[in-house]
Amino acid sequence: MRLSRYFLPILKENPKEAEIVSHRFMLRAGMIRQHGQGIYSWLPLGKRVLDKVNRIIREEQDRSGAVELLMPTMQSADLWIESGRYEAYGKEMLRITDRQDRAMLFGPTNEEMITEIFRSSVKSYKQLPLNLYHIQWKFRDEIRPRFGTMRSREFMMKDAYSFDLTREGAEHSYRKMFAAYLRTFDRLGLRAIPMRADTGPIGGNLSHEFIILAETGESEVFCHRDFVKFDIPAEDLDFDNVEKLQGIFDQWTSLYAATDEMHDADAFDALPEGERLSARGIEVGHIFYFGTKYSEPMNAMVQGPDGKEHPVHMGSYGIGPTRLVPAIIEASHDENGIIWPDSVAPFDAVIINMKVSDEACGSVSERLYEALSNAGLDVLYDDTDERAGAKFATADLIGVPNQIVVGPRGVAAGEVEVKNRRSGERVAMSVDAAIARLT
Ligand code: ATP
Ligand code: MG
Ligand code: MG
Ligand code: MG
C-alpha cells in the first residue's frame, strides 16, 4: 500500500474525549471514527487490525471443531418471548418496530436464534456434538458506553454455541472452547486469565471470564501470580482427547482467580502475600455452560440412544474482537504510539522514504516495496512528501513492527536502516540484507 493513495487520517492533537491510552491512539492513528454514543466506523487501518484479530479467532474456532455460519443482526421478538428473556433482558436491548407493527430487536446475543436453527433440523444424538459460531455485530444499549470501542453500543462478537446430548458431553465442549480461548488470546499477544464468573442474564451454572490485566480495566480482579507461568495448549492439541482437555482445564483452574462478583476474600487472603495479585482487568471473553435453559422452553429436543427425547445441553462462548483491539493497545504501547504484536499488525513493515524527490531513494524504496510485497508481507510505503520527522512519528504512532528508513546518505553508501518498533533497535544494512532479514 502506498501511503499517498491510502486513507490514514492521522490526528496531530490529542483528542480531548479520550480518557484512556488505547482510545487516544485509535483516534490519533485514524483507526476509528465516532458517529454517536458508542457507535464507530472502522477506518482502513483499524479494519486491517480487526480483520487480523478475526482471522486468528476463526482459525482457533475451526481448529477446535466449531463450524462457522452467519446469523442476522435483526431478530424477531417472538423467539425471545418463547425463551422468556424478552422482558427480562431490560433496557440494554434495542427494540424496534417494523412497518407491519411487528416487534423486532437488534440482537444483543443469539442463544434464541441458534436454538431455533438447531431445533429445525437436528433430531438425533448422532448429529452431536455440534458447535456453531459466527462473528457478527451486536447492539446493547449500554448505560455508559465509553473508552471508544472498549465499551461501545454496537460492537462485534464472536459467539459460539455448543449442543450435546449429555451434561458430560457439554462439559467437554466447554473445555474445548476453554482451550481454544487460551490459544486465541496467546496468539493475539495477550495473557488472558480465566476467572470463575457469574453467569448474569445468559443464565446457567458453569462460567469463566477471560480477563486481561490492565490498569484501565473496568473489573476488579483477584488472582494467583503464577498464571503467567502456565503453558498454552499446543497447536496440535487433539480436541477430542477428553483426558487431555480435562488436564488443561484442571491446571488453569487450579489457582485462585475471581472477579469481584465471585470474589471470596477469605480464600484469597489465605494465600501467601507474595502470591496474591489484586488488579484491574478487561473482560475479553466469556464462556458459559447453561444446560437446558433454552432447549426446554424452546423445545429443542434430540432423540437419545435410548429412543427417548431429551432437551439438548447447551453452552455459549463469546469473544469481543472490537474490544480486543483496544485491549491489545492497552497491553502494548509506549509514549509514541502503539506497538502491535506481529500477529495483528496492520502492516508488517513500513518503508520510509525520507526524500521522495531523490531518484536513488525512490528506486531503492520501490525495490524494497516490490521484494517485500512479493514475499507475502503487508507493506506500507510512505511515499508522501511529508518531512522525515513527521514520517517517523506516524510510523511509531501506527505501530508497524518493522520500519525501513531510506535516506539519501545511506543510499549513497548502499545502505538502509532497519528499525524495530518494539526494541527501538536500529541497524544499518544493505538493501539485500534488509530484504533477507524481513522475509
Ligand atoms: P461487560 O461485563 O464488559 O459488560 P458482558 O459480560 O456484558 O461484558 P458478554 O455477554 O459476556 O459481555 O459478551 C461476550 C463478550 O463480548 C465480552 O467478553 C466482551 O469481550 C464483548 N462485549 C460485551 N459487551 C461489549 C461492549 N459493550 N463493547 C465491546 N465489547 C463487548
Ligand atoms: Mg455487559
Ligand atoms: Mg461481564
Ligand atoms: Mg460477560
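Derivation of every value follows stated rules applied to the coordinates shown; laboratory data play no part. Every value quoted in this text rests on a predicted model; they were computed, and no experiment measured them. Neighbour counts run over all protein chains shown; Cβ positions are idealised from the backbone, glycine included.
Quick notes on this structure:
- Once the Cα-Cα distance is subtracted from the 0.36 nm per residue extended length, the residue 261 to residue 409 segment shows a gain of 47.2 nm.
- Cα gyration tensor shape for the range 364-439, rounded if a/c is under 1.5, else prolate or oblate: rounded
- Cα gyration tensor of the range 307-420 - equivalent ellipsoid semi-axes, whole Å, descending: 43, 17, 10
- For the range 208-324, radius of gyration divided by Kirkwood radius, i.e. Rg to Rh on alpha-carbons: 1.06
- Between residue 102 and residue 62, the modelled labels are 3.4 nm apart [label points 7 Å from Cα along Cα→Cβ].
- Between residue 242 and residue 39, the FRET efficiency from the beta-carbon distance, with R0 = 45 Å, is close to 0.55.
- Entries in 52/126; 158/293; 123/293 that, when Cα-Cα distance is taken, lie over 25 Å: 52/126
- Over the chain: Kirkwood hydrodynamic radius from C-alpha pairwise inverse distances, Å: 23.8 Å
- Among 33, 144, 99, residue whose mean-square fluctuation peaks in a GNM of the chain (springs only between Cα atoms under 10 Å): 99
- Annotation for the range 290-386: trypsin sites (Lys or Arg not before Pro) lying in DSSP loop with at most 15 further Cβ atoms inside 10 Å of their Cβ are 308.
- Straightening the chain between residue 91 and residue 167 buys 24.1 nm, computed as 0.36 nm per residue apart minus the Cα-Cα spacing.
- Choice from 77, 257, 428 with maximal GNM fluctuation in the chain (Cα, 10 Å cutoff): 428
- Cα-only Debye scattering, the range 212-269: base-10 log of I(q)/I(0) at q = 0.19, 0.25 Å⁻¹: -0.83, -1.06
- At q = 0.21, 0.26, 0.29 Å⁻¹, base-10 log of I(q)/I(0) for the range 234-297 (Debye sum, equal scatterers on each alpha carbon): -1.08, -1.17, -1.26
- Phi-derived couplings, Karplus 6.51 cos²θ - 1.76 cosθ + 1.60 at θ = phi - 60°, listed residue by residue for the range 211-223: 10, 9, 6, 7, 4, 8, x, 8, 9, 9, 10, 9, 7 Hz, with x used for Gly and Pro.
- log10 of Debye I(q)/I(0), alpha-carbon scatterers only, for the range 118-215 at 0.11 Å⁻¹: -0.45
- Mean separation of Cα contacts under 8 Å (6+ apart) over length of the range 1-52, as relative contact order %: 30 percent
- Note on the range 85-128: semi-axes of the ellipsoid equivalent to its C-alpha gyration tensor, largest first and rounded to whole Å, are 28, 14, 7.
- Near residue 30, the amide H atoms lying under 5 Å from its own belong to 11; only residues 5 or more places off or on other chains count, and H is placed 1.01 Å from N.
- The length gained by stretching the chain between residue 47 and residue 436 to full extension, at 0.36 nm per residue less their Cα-Cα distance, is 137.2 nm.
- Relative exposure of 310, 134, judged by other C-beta atoms within 10 Å (fewest first): 310, 134
- Mean separation of Cα contacts under 8 Å, 6 or more apart, over the residue count of the chain: relative contact order %: 17 percent
- GluC sites (Glu not before Pro) within the range 63-153, DSSP loop, no more than 12 other Cβ atoms inside 10 Å: 87
- Taking amide H atoms as placed 1.01 Å from N in the peptide plane, the amide H of residue 296 has no partner under 5 Å among residues 5 or more positions away or on other chains.
- Note on the chain: GNM, Cα springs under 10 Å; of 39, 319, 211, the largest mean-square fluctuation is that of 39.
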